[in-house]
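Written below as structure tokens is the structure these notes are about.
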Amino acid sequence: ICEDAWVKDRPACRLVDRKVELIINPSASHFAFNKTTRRKQLIIDSSKTFDCTYLYVNALGNEAGKLIYDGEIILAKKGKLLKYNCLLSLDSLNILDFELDFDSRNEINCNLIVVSKNEEFGKATSLALFDYLRKSKSRGFVLSLSGGADSATCAVLVAEMIKNGINT
């Protein structure tokens, strides 16, 4: 789980000799800028190295107001990216459907979607605020506005959360 995808001597190393066809990696990997690019490459490379289908599933939401999990799901088979989801969703859960045939190639052309750091920050902050409201069963936020940069930034981030929540 989690760390198993990132360390050199991981459990999958012991599974390759057993000719496993599917490795599922449940994870709680915290949000970081552009982490998705590194993750996708790691999953693609792992599926090739271990000659299998590799499914990576990350936690989604805000954990106790401290960490953000982006809810990323990545599916790769024998070095080919098959499918992945949209990150930082405000939904309470993510589902990615895919019919997997172990006997065929299942090739699908996936283009990586790269977003700017500003867009990624806005989405991550929206998810954190929205999920905190949902889990705490709060009905909103109170903003004390002093007119300074900090309070203005908080107001913009809450407005961004509302905009993203409406568009979900």
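Counting only protein heavy atoms and using a 1.4 Å probe, the accessible area of residue 95 comes to about 140 Å². With a cut-off of 15 Å between beta carbons, the residues surrounding residue 120 carry a summed charge of +2, where Lys and Arg count +1 and Asp and Glu -1.
Here the 3J(HN,Hα) profile of the stretch 63-74, calculated from phi with Karplus coefficients 6.51, -1.76 and 1.60 at θ = phi - 60°, is 9, 6, x, 10, 10, 10, 10, 8, x, 5, 10, 10 Hz, Gly and Pro shown as x. Anything over 20 Å Cα to Cα? Flag those among 40/78; 48/117; 117/163, in the order listed. With Cα atoms farther than 20 Å apart: 48/117. Extension gain for the segment residue 119 to residue 141, taken as residue separation times 0.36 nm less the Cα-Cα distance, is 5.7 nm to one decimal. Taking the stretch 59-87 and a reference point 7 angstrom along Cα→Cβ of residue 167, the backbone N atoms nearer than 16 Å belong to 86-87.
Once Rg and Dmax of the Cα atoms in Å is calculated for the structure shown, the corresponding label among (1) 22.7, 82; (2) 18.5, 63; (3) 20.8, 74 turns out to be (2). Most simply put, the chain has about 70% antiparallel DSSP beta bridges, counting only bridges with both residues inside it.
Helix 35-49 and the long axis of the chain differ in direction by around 10°, with both axes built from C-alpha atoms. Label positions at residue 150 and residue 6, each projected 7 Å from the Cα along the C-beta direction, are separated by 3.0 nm.
Here r is the Cβ-Cβ distance between residue 160 and residue 22 and R0 is 30 Å; the resulting FRET efficiency, rounded to 0.05, is 0.20. For residue 83, the amide hydrogen comes within under 5 Å of the amide hydrogens of 75, counting only partners 5 or more places away or on other chains and with H modelled in the peptide plane. Here the accessible area of the chain is 55 percent carbon and sulfur, with a 1.4 angstrom probe and all protein chains present.
The modelled label-to-label distance between residue 15 and residue 30, using points 7 Å beyond Cα along the C-beta direction, is 2.6 nm. Each of 62, 144, 98 was placed along the dipole of the stretch 39-168 (beta-carbon charges, centred on the mean Cα), and the one lying farthest toward the positive end is 144. Excluding ligands, DNA and RNA, the accessible surface per residue across the stretch 24-83 is 41 Å² with a 1.4 Å probe. Sequence-distant contacts, meaning Cα pairs under 8 Å at least 6 residues apart, place the relative contact order of the chain at 17 percent.
The values are calculated or read from the model by the stated rules, or taken from the named source; none is laboratory data. The structure displayed is predicted, hence computed values, not measured ones. When we count neighbours, we look across all protein chains shown, and the Cβ atoms used for this are built from the backbone with ideal geometry, even at glycine. Accessible surface areas use protein heavy atoms only, side chains included; no ligands, DNA or RNA. Shrake-Rupley method; radii C 1.70, N 1.55, O 1.52, S 1.80 Å.
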